[in-house]
Each structure stands twice: as structure tokens, then as C-alpha cells.
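So the structure is just underneath, and the comments pick up after that.
The values are calculated or read from the model by the stated rules, or taken from the named source; none is laboratory data. Values in this document were obtained by computation on a predicted structure and should not be read as measured data. Every residue, glycine among them, receives a Cβ derived from its backbone with ideal geometry; neighbour counts consider all protein chains shown.
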Amino acid sequence: MEDLFEPRPAIYWFDFLATILIGNICFTVVRLIGESNQPWGIKLALLALPFLVCCLLYYRAAMFIHELVHLRTGTFRGFRLAWNLLCGIPFLIPSFVYYPHLDHHRRKHYGTKQDGEYLPLSHQRPWQILFYLSQSLVIPILGFLRFGVVTPLTWVCPPLRRWIHQRASSMVMDPMYIRPLPTAKIRWIIYTQEALCFAWLASLFILAWVVHRRLPYPFLIQAYATGVAIVFLNSLRTVGAHRWTNRGHEEMTFLEQVTDSINYPHRALVSELWGPTGTRFHALHHLFPSLPYHAMPEAHRRLMAELPADSPYRETEEKSLIQAITALWRRADAATRSAEKSTSRPPAQNAA
């Protein structure tokens, strides 16, 4: 397995640059079709394919943020810069918003309140799953407000800075998560990336006003629709990444953390679309967090070929994302019914 742990820069560069380039072309095609004089029925028919391809490619490009967090500090500096300039800043997901992901891999934090990427979905009402997915509709707007409005406010109102960093600067699931304060070095990275995001948004509005004398409404509508699709895809993937069996307060063993996570090795052509850059092998990722994404299919194949038949790792496989989400829904429904039954049961009478 040792031969699989070295990330290959050429693969990262080619994959990301080709993905973001073709994604940009598809985004432009959608925009041109939308601005054409064709009837709306024809427009929608022509828009469907390039919009879908654009969303899938932009989603793949965005998910390289996961790799950046796990690459060794001080390595891939050029790639980190290129990703932020070509994807992170324009998509309003600069790499600093994903730094708390490392808490998800700390053995004492996983599944607890220190883990912002975990919710006890198996023990909550099923509608909580739908509520989490529905947040896709507002997250792109919140991202715009975070960097277009709140960022400059923190420059003139320093007390606001601390609250924004702790409560509104992380790509997490748990809205109650409080992010630890950064070190001096990380703080300057955050300031720089925030400023670039604000400059990007400001330049869009200034350019649109200078050239067209109006706000870029068509671009904003397209960007919002694309953002919703990307966030929804990622939310679906996230719901299917774990079994969410922890109740949110007890510490889990490493083995429990791995078996609480899920791999999707089957139907690679489909699963790679919703689980790109290795994210479809989430249990494997928790087992070996530093394993580069391009080595995951081979690593999983070797493990399944060499591990004994009773290895707990074999329990991490699921056939499809739909099957895993359906199973989660049933667990949540069963847990809810059980809780309601126990609370409605009359108290036992004391023996005479």
C-alpha cells in the first residue's frame, strides 16, 4: 500500500484544469443560449445538457478543496494558489472555510460537538434530512452576503470579526458549530482570501454597471441556479457519507468511526459524478486520510482482496447512494417511533 500514498502533481493539475476549463465553457454556453432570441421552450431544451455538465464539472472542481486540506503543509503551493484563484475565490469557497474539516478526522472529536461535519441524523426525525438538503436553496445567498456584505463590515467593526470567524466562516453541517480562533499565520491567510472574494464580487458589479449600466441580473440568476445544484449534490453526497449512528456527544472508537462511514465502489461511472475526487470512498478516507484521491479505487480493491472475510472494513460498502439514504431514513423513522412510544408509555405502578 505504501506505493499509493504519494500524490501525483500531474494528475491533480490535469484533472483540475481540464475540469474547470470545460466547466467554464459550458457555463458560457448556457449564458449565450439564455441570452438568445429563441422561444423559451427551445431555450430550456437546449440549456438542459450544458447546464447539467457545467454543474457536475464545477462540483468536481470545487471538491478539490477536500484534497487541499489533506495534502501535507508546504506542498502543492502552486496548485493551492491556482485552485483558489480559478475556483475557490470565484465560487466564494476559499480554502480557509474548509480548514475545520480536520476536526472531523480527530479521533476524539468525530461525531461530537467539536465536529462541525456531523449530525445525529439516525436519531433525529426524518424531516431533518430534508431540512438539511433544503438548505441548498439559501447557502449560495449566504455565501454572497458573507463575502460581499459582511466582510467589509468586519473591516470597520472589529468586534464583529470574532463572531463571524466562529459562526460564519466554516463549510460545516452543524449550524451550532463554533470554530476555534485562528493562529496569526492562518489569520492572514483568511484576511487575504476574504479580501479577494470581496474584490471579485465588487469587480463583477462595477464592470456590469460600467458596460451595461445595470446590475448583472442574468449572470446572478445563472450563478445562483448553478450554486444551488452544486450545493445540493454535495449535500446528497454528505448525507450518504456516514450512517450517523453517534448521538452527538459520546466519543467513538476508531473502528466505530470507520464502520460509521461508507464506501461506494460500485457503478464507478455514476458514483464518480456525485462523489468526485475520492469522496465516494469515505470509509477508506477515514482509514487513510492522507491517501490521494487518484489512488483510492486501487487501495480499496487491494484491501477487499487481502482482508479476511470477517474484516469490519467489508461492512463499509453500500451498493448505491439511494440505498444508503433510504436506509438512513428508515433508521431515523424507527428511532423516532421508538422514542415516541417510550415517552407515551404510562409510568409503571409501584407494587403494593
### Task
Could you list, in sequence order, all residues of segment 224-275 that are among the β-branched types (V, I, T) and closer than 23 Å to Y313 by Cα?
T238, V239, T245, T253, V258, T259, I262, V270
### Query
Any chance segment 35-50 includes a residue that's at pLDDT 95 or above and in contact with a helix residue (DSSP H, G or I) (Cβ under 8 Å, 6 or more places away or on another chain)?
yes
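Hey, could you check segment 119-144 for residues that are part of a helix (DSSP H, G or I), under 19 Å from the mean Cα position of the chain (by Cα) and without any contact (Cβ under 8 Å) to a residue 60 or more places away in the chain and say which is nearest to L201 (Cα to Cα)?
Our first condition is that a residue be part of a helix (DSSP H, G or I); within segment 119-144, this holds for 121-123, 127-137, 139-144.
If we keep only those that are under 19 Å from the mean Cα position of the chain (by Cα) as well, we get 121, 128-137, 139-144.
Those left that are additionally without any contact (Cβ under 8 Å) to a residue 60 or more places away in the chain: 130-131, 134, 142, 144.
Numbers: L130: 31, F131: 29, S134: 25, L142: 14, F144: 8 Å.
The extreme case among them is F144.
Take T192 and decide whether it is over 23 Å from Y110 (Cα atoms), under 23 Å from the mean Cα position of the chain (by Cα), modelled with pLDDT of 95 or more and surrounded by 14 or more Cβ atoms within 10 Å (Cβ to Cβ).
Numbers: over 23 Å from Y110 (Cα atoms): yes; under 23 Å from the mean Cα position of the chain (by Cα): yes; modelled with pLDDT of 95 or more: yes; surrounded by 14 or more Cβ atoms within 10 Å (Cβ to Cβ): no.
Answer is no for this residue.
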### Task
Would you check which residues across segment 129-163 are out of contact with any Phe, Trp or Tyr (no Cβ under 7 Å at 6 or more places or on another chain), among the β-branched types (V, I, T) and surrounded by 17 or more Cβ atoms within 10 Å (Cβ to Cβ) and list them?
I139, V150, T154
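Just a yes or no: is a residue in segment 59-73 of a type in the set (A, V, I, L, M) and more than 18 Å from T277 (Cα to Cα)? Give the steps one after another, and end with the answer.
Taking segment 59-73 as the starting set, the residues that turn out to be of a type in the set (A, V, I, L, M) are 61-63, 65, 68-69, 71.
Retained after the next criterion (residues that are more than 18 Å from T277 (Cα to Cα)): none.
Scanning segment 59-73, I find no residue that is of a type in the set (A, V, I, L, M) and more than 18 Å from T277 (Cα to Cα), so the answer is no.
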### Query
Do we have P182 as on the phi < 0 side of the Ramachandran plot, part of a loop (DSSP other than H, G, I, E, B) and surrounded by fewer than 19 Cβ atoms within 10 Å (Cβ to Cβ) here?
yes
### Task
List every residue pair whose Cβ atoms lie under 9 Å apart, where the two residues are 6 or more positions apart in sequence or sit on different chains, the first residue falls within segment 305-327 and is touching a residue at least 24 places away in the same chain (Cβ under 8 Å), and the second residue, located anywhere, is part of a strand (DSSP E or B) and surrounded by fewer than 12 Cβ atoms within 10 Å (Cβ to Cβ).
none
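Among the residues that make up segment 187-201, is at least one of them farther than 17 Å from I89 by Cβ and in contact with a Phe, Trp or Tyr (Cβ under 8 Å, 6 or more places away or on another chain)? It would help to see each step written out before you state the result.
Going residue by residue through segment 187-201, those that are farther than 17 Å from I89 by Cβ are 187.
Adding the requirement that they be in contact with a Phe, Trp or Tyr (Cβ under 8 Å, 6 or more places away or on another chain) leaves none.
So far as segment 187-201 goes, no, none of its residues is farther than 17 Å from I89 by Cβ and in contact with a Phe, Trp or Tyr (Cβ under 8 Å, 6 or more places away or on another chain).
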### Query
Can you spot a residue in segment 106-116 that is closer than 26 Å to L284 by Cβ and of a type in the set (V, I, T)?
yes
### Query
Restricting the search to segment 189-218, which residues are in contact with a helix residue (DSSP H, G or I) (Cβ under 8 Å, 6 or more places away or on another chain) and among the polar types (S, T, N, Q)?
Q193
## Note on the structure
Among helices (runs of 4 or more DSSP H) entirely inside segment 249-352, those with 3 or more residues being in contact with a Cys (Cβ under 7 Å, 6 or more places away or on another chain), at pLDDT 95 or above and loosely packed, with under 13 Cβ neighbours inside 10 Å are none
### Summary
Log entry, pairs with first residue in segment 176-200 being more than 21 Å from G148 (Cα to Cα), second being surrounded by 16 or more Cβ atoms within 10 Å (Cβ to Cβ) and of a type in the set (A, V, I, L, M, F, W, C), beta carbons closer than 7 Å, six or more apart or on different chains, reads P182/I190
